[in-house]
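All of the numbers you see were taken from the coordinates with simple rules; none came from a lab. Bear in mind the structure is a predicted one, so any value in this text is a computation, not a measurement. Methodologically, a virtual Cβ is constructed for each residue, glycine included, from the backbone with ideal geometry; neighbour enumeration extends over all protein chains shown.
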Amino acid sequence: MDERTREELAAIDRQLEEVRIPPELEQRILHPSARELSRGPMVLVGMALAVLVGLAWWVGRSTRPSPTIDDSASVAEAEPTVPAQPELAPAPTPAPVPAPPSPQLRWSGALALAPGCETTGTTDLEVRAGCRLTLADPRMEIDVLDASKVRPAERGVLVERGLVLVSVDPIESGKAPVRVEVTGGTIEVTGTRFLIVQNPDTRYVHLLEGSISFIPTEGPATEAVLGVPLHWGHDAPSSGPASPKRPSSAATTSPPPLDGVLDEIAALRRRQHYREAVNVLRRARSRVDDPAVQEVLSFEEGTLREHYRPAASVCSYWRGHLTRFFAGRDATPIVRRLERLDCPLPDPSNPP
């Protein structure tokens, strides 16, 4: 018998001692009647045992602790536990898209230089080939095709030296024309695209699209003719005026070489019809004699070929362009293009 059982029995004994036997039962036990005595001692013993068993049962029931209901357990049984969901990893933060480089500004913010432009000076700008300048007011874009020098002028710019392609938005009727000054006078522009060649031995403007007039320092204004270079200074033809006269109606049965060509090429480029645009360019180039215009059209053709021709063919084209147009000139813009396309560079010991 272990210690716990002994303690429980001792507790029952103490409780039995405290239980009072009813007086009637006590009298019957102590003074049995003659009838009960006649039944013999066994009956008395049985009665005593029955009384003791009943008392023990009653005492044990009264001392047993009442069962308690665990509310939390019942709730837990009623509501099944939902397994915890695994935590989802946070979505990766997209890498910030670098902002495009801001253009450099000159002339108190009036002139913007495309990223990568190399210039020296502040007002009088020496600009390296391959740069694009954008004038805010009046709106004008200048593509520098060879090292050039420019500075601000009233209603435009002054091209003091170099080779530039100028694009001007069409001027509305009644508004003042844009002015591009050169050493021999002023080019008044109502739109839209023309080439300026300003070197010690060559000075002229070549109208590609739109309408311009040349006003020499001394003399009357002359309207430029599409596709015909208009010279000034000592480079002007010795016989006749400083610029060619507009052809008569009999001489204009065929359109000028670039009449509408550049607009057509731009439209084809927007529709991604690059091969067709190259065919248009090649036909136009066959009608152009001006080397500066030939260079512009050749460059345009090279940019179109990059979209559909094999890499080896494109590299070969740009090397040919370099050899044809950059003899003795700064060829940095074309060399950079060859490097960007992973093209083999020309042998430095045998420059174009």
What residues qualify as long-range amide H neighbours of Gly191, i.e. H under 5 Å apart, gap of 5 or more or another chain, H built at 1.01 Å from N?
Ile171, Ser211
Tell me, what ³J(HN,Hα) does each residue in the stretch 303-318 have, in order and in whole Hz, if you take phi through Karplus 6.51 cos²θ - 1.76 cosθ + 1.60 with θ = phi - 60° and put x for Gly and Pro?
5, 6, 4, 4, 7, 9, 8, x, 4, 4, 5, 5, 4, 4, 4, 5
With label points set 7 Å from each Cα along the Cα-to-Cβ direction at Ala176 and Arg269, the distance between them in nm comes to 3.1
Using r as the Cβ-Cβ distance of Glu339 and Glu154, and R0 as 35 Å, what FRET efficiency do you calculate, to the nearest 0.05?
0.30
